[in-house]
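Trainee: The structure that follows is given in the form of structure tokens.
The values are calculated or read from the model by the stated rules, or taken from the named source; none is laboratory data. All of these numbers come straight from a predicted model, not from anything done at the bench. Please note: Cβ atoms are built from the backbone with ideal geometry, for glycine as well, and neighbour counts cover all protein chains shown.
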Amino acid sequence: MFTTSVVTFAVTRAVPRHTLCEHCGAEFVYHLERTGVGTSGFGLADSQEVADAKAVQAAHVDLWRELDTGAEPVPCPECFKYQSHMTEAARAERWGRVRHYGGQALAALPVVAFLTVIVFVVLFPKHTELAVAVVLGTSAVLLLAGALAALVFRFGKCVPNDWPEAYRKAKADELALTRDDFDRALSDGGPYVSDLVAGFEADYAGTPFLWVLPEEIGNEGAVPFDLPDGTEIEVQLSDADDDGVFLSGDRLTGAPDGTRVCLRLFNVYKPPTAASA
Ligand SMILES: [Zn+2]
């Protein structure tokens, strides 16, 4: 009579994460993607539709918490250093590698043990107990060493800025764009505007996207922007602006008549609070 079912809904989104380097002051952007999961149980009292809506809403709350408080280990493209809020993500990245190789070693252990026994039986047919002892001893030592290594990597000190600079530079080249490079490369919105554009492709055709920070809107400043054809214009921001609004006319200094720019907000890191943890 109280049978309940559980509805699960997952939603994935990618955002451009803007970071102001705490070491050198450079502004850079990297790709941040997260999946939010929401569940809701329903019994006889709720309809399927209500349960679905609750799960969808919970998934979006989870998604935005993940996008706001999450971080990827991405070194600054100017000074190749990690931000302090990326330390845990860097540790996870390194731990993931260790776990990957550790898992492979563990998977190989039975095969190695089996082959060792065969070799010993062939070489010393009268001393099979010696083979078993050697295999057991070696396996025990390897497992212990693996467990110790895992503990050190999991709980030891992690200082990603002490990692070799060549590695950090390679990671920065792979994952980060300076803000200027991002503006040039992503003025068509790239993968970050499907939330707005899906279903309205004709309305957005040819409209460049200008990415700004929330405080730049609050400051009502003028920001330089290059139109796709190379024309340099200046965009006057107003604190009434919000994510997704179109700007045109006297808001765009130096732009040809009829030019329209769509304003978008960068994602920025927000430290987790007690409420969001
Ligand atoms: Zn830097």
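Trainee: I'd like to verify a number: residues in region 89-136 that are free of Cβ contacts under 8 Å to residues at least 24 places away in the same chain and in a helix (DSSP H, G or I), how many?
Mentor: Within region 89-136, residues that are free of Cβ contacts under 8 Å to residues at least 24 places away in the same chain and in a helix (DSSP H, G or I) number 33.
Trainee: Under 7 Å between Cβ atoms, at least 6 apart or on separate chains: pull out the pairs that start in region 68-88 with a residue that is closer than 25 Å to T35 by Cβ and end on any residue that is more than 14 Å from the ligand (Cβ to nearest atom) and of a type in the set (F, W, Y).
Mentor: Close Cβ pairs satisfying both conditions: A71/Y269; H85/Y269.
Trainee: Continuing with the same structure: Which condition from (1) of a type outside the set (V, I, T); (2) touching a helix residue (DSSP H, G or I) at 6+ places or on another chain (Cβ under 7 Å); (3) away from the ligand (no atom under 16 Å from the Cβ) is the one that E88 breaks?
Mentor: Against the list (1) of a type outside the set (V, I, T); (2) touching a helix residue (DSSP H, G or I) at 6+ places or on another chain (Cβ under 7 Å); (3) away from the ligand (no atom under 16 Å from the Cβ), E88 comes up short only on (2).
Trainee: Take the residues in region 64-83 that are under 12 Å from the mean Cα position of the chain (by Cα) and in a helix (DSSP H, G or I); name whichever of them is farthest from the ligand (Cβ to nearest atom).
Mentor: E66
Trainee: Also, quick follow-up: Considering only region 245-265, state which residues are among the small types (G, A, S) and either in contact with a strand residue (DSSP E or B) (Cβ under 7 Å, 6 or more places away or on another chain) or assigned by TED's automatic domain parsing to the domain that holds L32 (or both).
Mentor: Within region 245-265, S248, G254, A255 meet the criteria.
Trainee: Taking region 144-172 on its own, how many of its residues are more than 20 Å from Q83 (Cβ to Cβ) and in contact (Cβ under 8 Å) with a residue 12 or more places away in the chain?
Mentor: Matching residues across region 144-172 total 5.
Trainee: List pairs: first in region 48-61 and in contact (Cβ under 8 Å) with a residue 24 or more places away in the chain, second exposed (fewer than 15 other Cβ atoms within 10 Å of the Cβ) and in a helix (DSSP H, G or I), Cβ under 7 Å, 6+ apart or cross-chain?
Mentor: Between residues of region 48-61 that are in contact (Cβ under 8 Å) with a residue 24 or more places away in the chain and residues that are exposed (fewer than 15 other Cβ atoms within 10 Å of the Cβ) and in a helix (DSSP H, G or I), there is no close pair.
Trainee: Mind telling me which of the residues L210, L196, L144 ends up being out of contact with any helix residue (DSSP H, G or I) (no Cβ under 9 Å at 6 or more places or on another chain) and not assigned by TED's automatic domain parsing to the domain that holds C21?
Mentor: L144
Trainee: Can you find, within region 19-47, the residue that is surrounded by the most Cβ atoms within 10 Å (Cβ to Cβ) among those that are away from the ligand (no atom under 16 Å from the Cβ) and touching a residue at least 40 places away in the same chain (Cβ under 8 Å)?
Mentor: The residue in question is L32.
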